[in-house]
1. Condition check: out of contact with any Lys or Arg (no Cβ under 6 Å at 6 or more places or on another chain) and hydrophobic (A, V, I, L, M, F, W, C). Does residue 132 satisfy that?
2. Among the numbered criteria (1) at pLDDT below 90; (2) under 18 Å from residue 117 (Cα atoms); (3) crowded, with 16+ Cβ neighbours inside 10 Å, which single criterion is violated by residue 163?
3. Restricting attention to the range 96-138, which residues are part of a loop (DSSP other than H, G, I, E, B) and among the hydroxyl-bearing types (Ser, Thr, Tyr)?
4. Would you confirm whether any residue within the range 142-151 is at pLDDT 95 or above, within 21 Å of residue 47 (Cβ to Cβ), crowded, with 22+ Cβ neighbours inside 10 Å and in contact with a helix residue (DSSP H, G or I) (Cβ under 6 Å, 6 or more places away or on another chain)?
5. Kindly indicate whether residue 199 is part of a loop (DSSP other than H, G, I, E, B), of a type in the set (Phe, Trp, Tyr) and within 24 Å of residue 218 (Cβ to Cβ).
6. Give just the number: which of (1) modelled with pLDDT of 95 or more; (2) buried (at least 21 other Cβ atoms within 10 Å of the Cβ); (3) not aliphatic (A, V, I, L, M) does residue 66 not satisfy?
7. Sort out which residues of the range 71-99 are modelled with pLDDT under 95 and of a type in the set (A, V, I, L, M, F, W, C), and write them in order of number.
8. Does the range 21-42 hold any residues that are within 15 Å of the chain's Cα centre (by Cα) and among the aliphatic types (A, V, I, L, M), and which are they?
Amino acid sequence: MVWPRARAITGVVGVRLLLTSAGLVNAESCEALAALARRPLASLAVAVVPTAANVIPGDEGWFIADCVNLQRASFAQVDLVDVSALEREVWSARLEEADVLAVTGGDTTHLLHWLRRSGLAATLPGLLRERVYLGVSAGSMVTGPHLRLSRSVQRAPEDTAGLGLVDFLVQPHLDSPHFPSAREDAVRRAVAGFAHPTFALADGRAVLVDDDEVRVVGAGRHLVLPGGAQPSLPG
């Protein structure tokens, strides 16, 4: 499936993103990332931005599992770079050293707040001229035009604008028992009236963006829900 409005970063040609529901959970997602990077994973340095997890209470075993999946992918290097805890010159230098920028899951509103406050939101388009963006859950959601699918935004809707890296929305964790708002009926109700299409992804799925090419990769169920007057897209 090719979606012609995917190249939404002004002035950046050849943008590459892998927007996952739950990270690198299967061979298909690892292969997709290697294809985007044009190199084997074993030769890539990954900078992980874990900031979204900072305000999630209770057991964070899910975050550890995400990190274990990154370790199992056998990257050359995995570096944790929390932009809410580091000075700009520190995180900037470490992101410059990476081939892949992995923005992981947690609280979407908290993540976007720190992406903006730290300055990373403004510098991200420049970084992505030569790097691949790997989104995990909240890290995938923030790339769209708005965050109105996010539960944290629904609780505190002061600012719903996303990064606008892509011209569609991502709803992670489709059918997960841990996320009632990600059930198909709930997602369909939530996106009613949205102007942009929505990709709802089970935890084995991801949306691959390679310049103007957009396609769903991985294993499991997914939905593509057209927005506004856009043409119907295959699910």
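The values are calculated or read from the model by the stated rules, or taken from the named source; none is laboratory data. These numbers come from a predicted model, not from an experiment. Using ideal geometry, Cβ is built from the backbone for each residue, glycine included, and neighbour counts are taken over all protein chains shown.
1. Details: out of contact with any Lys or Arg (no Cβ under 6 Å at 6 or more places or on another chain): no; hydrophobic (A, V, I, L, M, F, W, C): yes.
Against the criterion (out of contact with any Lys or Arg (no Cβ under 6 Å at 6 or more places or on another chain) and hydrophobic (A, V, I, L, M, F, W, C)), residue 132 does not qualify.
2. (1)
3. Taking the range 96-138 and keeping what is part of a loop (DSSP other than H, G, I, E, B), we get 97-99, 104-107, 119, 128-131, 137.
Hits for the range 96-138 are 104, 137.
4. yes
5. Working: part of a loop (DSSP other than H, G, I, E, B): no; of a type in the set (Phe, Trp, Tyr): yes; within 24 Å of residue 218 (Cβ to Cβ): yes.
Against the criterion (part of a loop (DSSP other than H, G, I, E, B), of a type in the set (Phe, Trp, Tyr) and within 24 Å of residue 218 (Cβ to Cβ)), residue 199 does not qualify.
6. (1)
7. Those that are modelled with pLDDT under 95 and of a type in the set (A, V, I, L, M, F, W, C): none in the range 71-99.
8. The answer is 22, 24, 25, 32, 33, 36.
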